[in-house]
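Below you'll find the structure, written out as structure tokens, and then a few comments.
The values are calculated or read from the model by the stated rules, or taken from the named source; none is laboratory data. Here the structure is a predicted model, which means the values were calculated and not measured. For neighbour counting, all protein chains shown are included, and Cβ atoms are generated from backbone atoms with ideal geometry for every residue, glycine included. All accessible areas refer to the heavy atoms of the entire protein, side chains included, with ligands and DNA or RNA removed. Shrake-Rupley method; radii C 1.70, N 1.55, O 1.52, S 1.80 Å.
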Amino acid sequence: MRQWTVMYRKEWLELLRTYKLLWVPLAFVLLSAMQPVSTYFLPDILAHAGNLPEGAVISIPVPTAEEVMAQTLQQLNVFGLLILALSSMNVISAERTGGMTAMILVKPVSFRGFVASKWAAQLTLVTIAFAGGFGAAYYYTSVLFRTPDWHRSLIAIALYWLWLVLAGALTLAFSALLRSGAAAAVCSLALLAALSVTAGLLPDALSASPGMLPKLASAQFLDPAAGKFWPVTVSTLGVLAAAMETAAFALRKRPTLLSS
Amino acid sequence: MSIAPKQAKPADARTSTEPQEAFVRFRGVSKSFGALQSLRQIDLALYEGRCAALLGPNGAGKTTLIRIVTGLLAPTSGSVRFQGLAPGADPRALIGYLPQHPAFYGWMSGSEFVRYAGRLCGLSKREAAARGTELLERVGLGAAAGKRRIGGYSGGMKQRLGLAQALMHRPKLLVLDEPVSALDPVGRRDVMDLLRELKQETTILFSTHVLHDAEELCDDVILLQEGGISISGAIGDIRGLHRTPALTLEVEDNRPARMQLGEWLSGLSHPSIASAALLPGEYAVKLQVRDADEARIYVLRQVLERGLPLAKLEIGHASLEDIFLKAVDAP
């Protein structure tokens with residue numbers, strides 16, 4: 001445990017010193033705040049865009065606060081996941097191809113602990129970034145529209161946070177399985193897309209698939225009678241554990257990928 | 001004399017004079033990467049407190065062998081056993097390892113990295129700080145360099161830092177992959193001196209191309225060639241086995257000296273000397289001798305009598321380089 005704490009503190013220091021702790025949350029805040037703000041000013045933006053024939057009347061129904069929050073989550077589902085994958089794709093692969101693991105993993109270090117420390121650091125980053133982003137969206141929605149129901153927001157936060165955590169963990173696992181960080185990002189994004197598309201197509205058959213998470217999170221705002229989320233939570237935790245175990249296994253099998 | 005492809009004198013044979021168990025023992029270790037066989041059937045023993053040099057041309061499998069010792073690579077077949085460890089037990093706590101190209105986190109400072117390495121090996125915060133400062137000093141990275149970010153280090157400084165981090169937990173076996181090849185002459189000298197001190201404290205296995213370094217430092221030599229061991233044993237034994245009954249005499253490289261040497265050669269005849277051959281440049285001659293002692297006295301006398309402007313006289317000594325080249329050239 002003491003050794004694990006040392007590794008986690010190293011990861012934390014790395015987040016700080018490489019400014020990841022700054023730019024990832026900043027990107028999340030900007031992305032999330034943009035949605036309520038741009039929705040609110042959409043009629044004005046369109047009116048100023050020109051090209052409209054004289055006398056054209058645009059009528060856009062004012063969305064509810066809940067709808068705005070749900071849109072924010074959908075926005076995050078594209079760019080948020082991309083940022084997350086890009087920021088963590090090299091977490092293991094770069095150390096392994098660069099030769100750092102050749103020095104760290106010849107010490108009496110637990111492979112699971114090594115992966116867990118990286119994952120925990122990522123969890124910290126995701127939590128901070130998402131808290132910032134969701135907070136910003138919630139604030140602007142309350143100011144510009146109406147305060148969304150906090151109880152449903154809380155459940156949505158939890159579900160969506162779990163989805164982001166899963167995205168990070170999958171990227172980490174691919175980063176341990178593959179030599180190239182870019183390939184890890186692509187694979188994890190593709191897998192996440194496949195999960196959410198299949199869950200969207202077959203919501204009944206795949207009601208316990210982790211791909212239901214973003215859908216369920218948005219549904220907290222849109223459809224008060226949204227399905228149960230416990231099966232999804234359990235299956236996601238299972239996938240998380242499997243991803244960590246896979247990463248640890250890959251590292252134990254080949255601690256370094258240096259060619260020379 | 002030709003060098004037998006088999007071990008000149010197996011390192012194991014020394015157990016008779018030194019009744020100690022091998023600290024690390026390789027049994028039939030092979031490693032293939034796909035179709036490429038990098039190591040074949042390596043049997044090897046490293047003894048506690050001795051310093052072994054791993055030699056061999058590029059691509060002979062030195063780095064592969066070193067990675068197998070450290071556990072970074074698993075052998076395809078065969079086993080590596082550490083003294084006092086059950087088979088399959090994790091030997092990593094015993095080993096300090098310096099890779100050929102040590103890579104660090106550029107955002108860490110040197111002293112942070114050694115402390116991190118120490119703490120990973122189970123040292124307490126205070127121990128790690130004290131030992132880190134001591135080792136940085138010892139490898140020639142002072143407090144000022146230790147505070148700098150590693151991103152700004154030169155290759156030589158990284159090599160020194162790599163050595164310091166490998167020593168943090170006082171490993172019983174120090175494994176170094178080309179520890180001095182990236183260093184300038186001063187750095188090389190420093191590190192060699194440091195290794196000579198460390199030899200007193202721990203068992204060392206290091207690989208190198210620089211035969212002179214091996215000769216200077218090590219007790220045992222392992223010569224790898226195309227994935228197999230072609231020569232291994234104590235350096236003295238190997239020298240003895242490969243001693244050539246030859247004598248090389250070199251005079252100053254100028255015209256009168258060369259003529260004098262030529263004259264002497266043309267009239268040379270002594271029972272202890274079998275043959276003589278002028279070497280390229282015509283200022284040196286290699287004599288094959290029947291009796292080294294007798295030939296030495298005779299040649300020295302001749303040098304004095306004829307006033308040959310002697311520059312160098314070498315007698316019956318096969319350097320590691322000769323042995324290495326012979327073994328590598330042998331088909």
| Protein heavy-atom accessible area occluded, B/A pair - total, 1.4 Å probe, Å² | 2700 Å²
| remark: For peptide B:67-76, the mean count of other chain Cβ atoms within 10 Å per residue Cβ is 3
| task | From the C-alpha gyration tensor of the range B:245-327, pull out the three semi-axes of the equivalent ellipsoid (sqrt of 5λ each), sorted largest to smallest, in whole Å. | result | 21, 16, 11
| field | Mean accessible surface per residue for the range B:245-327, computed with a 1.4 Å probe while every protein chain stays in place, in Å² | value | 57 Å²
| task | Enter the angle in degrees (range 0 to 90, nearest 10) between the Cα long axis of helix B:185-198 and the first principal axis of the Cα atoms of chain B, meaning the one along which they spread out most. | result | 70 degrees
| note | So, relative contact order of chain B in percent, Cα under 8 Å, 6 or more apart, is 21 percent
| Solvent-accessible area per residue, Å², over the range B:5-241 with all protein chains present [probe radius 1.4 Å] | 40 Å²
| query | With axes computed from alpha carbons, what is the tilt in degrees of helix B:110-120 against the longest principal axis of chain B, rounded to the nearest 10 within 0 to 90? | reply | 70 degrees
| Percent antiparallel among DSSP beta bridges (both partners in the range B:89-237, rounded to 5) | 45 percent
| query | Where in the range A:163-189 does the amide nitrogen come within less than 12 Å of the point 7 Å from the Cα of A:L237, taken along Cα to Cβ? | reply | none
| task | Would you mind calculating the relative contact order of chain A from Cα pairs under 8 angstrom and at least 6 residues apart, reporting the percent as a whole number? | result | 29 percent
| task | May I ask you to give the percent of accessible area on the protein assembly as shown that is carbon plus sulfur, with a probe radius of 1.4 Å? | result | 60 percent
| request: Select from the range B:93-107 all residues whose loss of accessible area on going from the chain by itself to the full protein assembly reaches 50 Å² or more (probe 1.4 Å). | output: B:A103, B:Y105, B:W107
| said: Based only on Cα atoms, what mean projected area does the convex hull of the protein assembly as shown have, in nm²? | reply: 40.3 nm²
| task | Any chance you could give the angle, 0 to 90 degrees and rounded to 10, that helix B:155-167 forms with the longest Cα principal axis of chain B? | result | 70 degrees
| What residues in the range B:156-188 lose 10 Å² or more of accessible surface when the other protein chains are added to their chain alone (1.4 Å probe)? | B:Q165
| task | List nothing, just return the count: lysine pairs in chain A, 8 or more apart or interchain, with Cα separation under 16 Å. | result | 6
| request: Return the aspartates and glutamates within reach of B:K125: Cα separation strictly under 12 angstrom, same-chain partners fewer than 8 residues apart disregarded; answer none if there are no such residues. | output: B:E112
| Longest span of chain A, sites excluded, free of trypsin sites (Lys or Arg not before Pro) in DSSP loop with at most 15 other C-beta atoms within 10 Å? | A:1-145
